[in-house]
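Everything below concerns the one structure shown next.
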Amino acid sequence: MKSSGNTILITGGGSGIGRELAQRFHDLGNTVIVTGRRRSALEETVAGRDKLHAAELDVTDPQAIQDFARSVLAQHPGLNVIINNAGIMRDEPLDRGRDLNDAEETVTTNILGPIRVTNAFIDHLIACGDGTIVNVTSGLAFVPFTLAPTYSASKAAIHSYTASLREELKGRVEVIELAPPGVQTDLTPGQSTRQGYMPLRAFIDEVMNLFQQQPTPPEILVERVSFLRNAERENRYDATLSQLNETARAARAAQE
């Protein structure tokens, strides 16, 4: 992926990782379109930046995605990069019967959302000659956080889906996976100040350095996420599963 001269669409660009990626890519000389459901948050992302544009989009609405794709391609025919970043994370108890609304919303947003957005743009990305798809997953794709089981499973699903895309689109569209560790954002209540999570600015600094490597790595992995990414490969999966969940539960409890 080239560093500048792109037109980039980033879903979930109103806050956190999406906002920081949008502004950093814009700083490198790219035109960037950010989407999300809250117009006010998007306006904060784009404020004072001429080639950073905001557009409302609900990635849980399949018809809205199709309509949006037609509209954005009419306005930005040079669009060549899609970053599927929008996602939600909800706690879900597994030890009792429960309302499955959170699980179903997570699947719709985190799995069907990226699949539908990619599908809406795939013909254009193949035709443009320098297309790139970036799917944002998580270190929890490789070792799950049991308090957020559907979130973890959704990221594992998109990791697998990304591998399929990469193989199928080889030589036609570049496919990259960005798998963050726990980062201090507003993804969950209290996470932006939670001890043990990676500061957002430090995470983005490391990520942008990796994006500017040539060739761009197929997996953008900051050093801190290797503990999860390599757990199975290094034959320490069970120990890592226990350690991750004990540490994460303790970090949450310390804020209560």
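Bear in mind that the values in this text are calculations on the coordinates, not laboratory data. Model, not experiment: these values are computed from the prediction. Note that each Cβ is placed from the backbone with ideal geometry, even for glycine, and that neighbours are counted across all protein chains shown.
Overview of values
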read-out	value
Those lysines that a straight Cα-Cα span of less than 27 Å connects to Lys51, excepting residues fewer than 8 apart in one chain	Lys2
About the Cα centre, charge dipole magnitude for the range 7-255 (Lys/Arg +1, Asp/Glu -1 at Cβ), debye	240 debye
Value of D in µm² per second that Stokes-Einstein yields for the chain, Kirkwood Rh from Cα pairs, at 10 °C (1.306 mPa s)	85 µm²/s
Principal-axis tilt of helix 237-255 within the chain, Cα atoms, nearest 10 degrees	90 degrees
Share antiparallel - DSSP beta bridges, the chain, percent rounded to 5	0 percent
Of Ser164, Pro189, Leu200, farthest towards positive along the dipole that unit charges on Lys, Arg, Asp, Glu beta carbons give the range 115-223	Pro189
About the Cα centre, charge dipole magnitude for the range 112-256 (Lys/Arg +1, Asp/Glu -1 at Cβ), debye	240 debye
Qualifying aspartates and glutamates (Cα of each under 19 Å from Cα of Lys170; at least 8 residues distant if same chain)	Asp123, Asp130, Glu219
Selected from Asn209, Phe121, Asn101, residue furthest toward positive end of dipole (the chain; charges at beta carbon)	Asn209
Relative contact order [Cα under 8 Å, 6+ residues apart], the range 7-255, whole percent	16 percent
Dipole moment magnitude, nearest 20 debye, the range 4-140 about Cα centre, only Lys, Arg, Asp, Glu C-beta charged	300 debye
Between the range 129-191 and the range 194-256, the Cα center-to-center distance that results, in Å	13 Å
Angle in degrees between helix 113-128 and the longest Cα principal axis of the chain, rounded to the nearest 10	30 degrees
In degrees, nearest ten, helix 16-27 long axis to first principal axis of the chain (Cα)	30 degrees
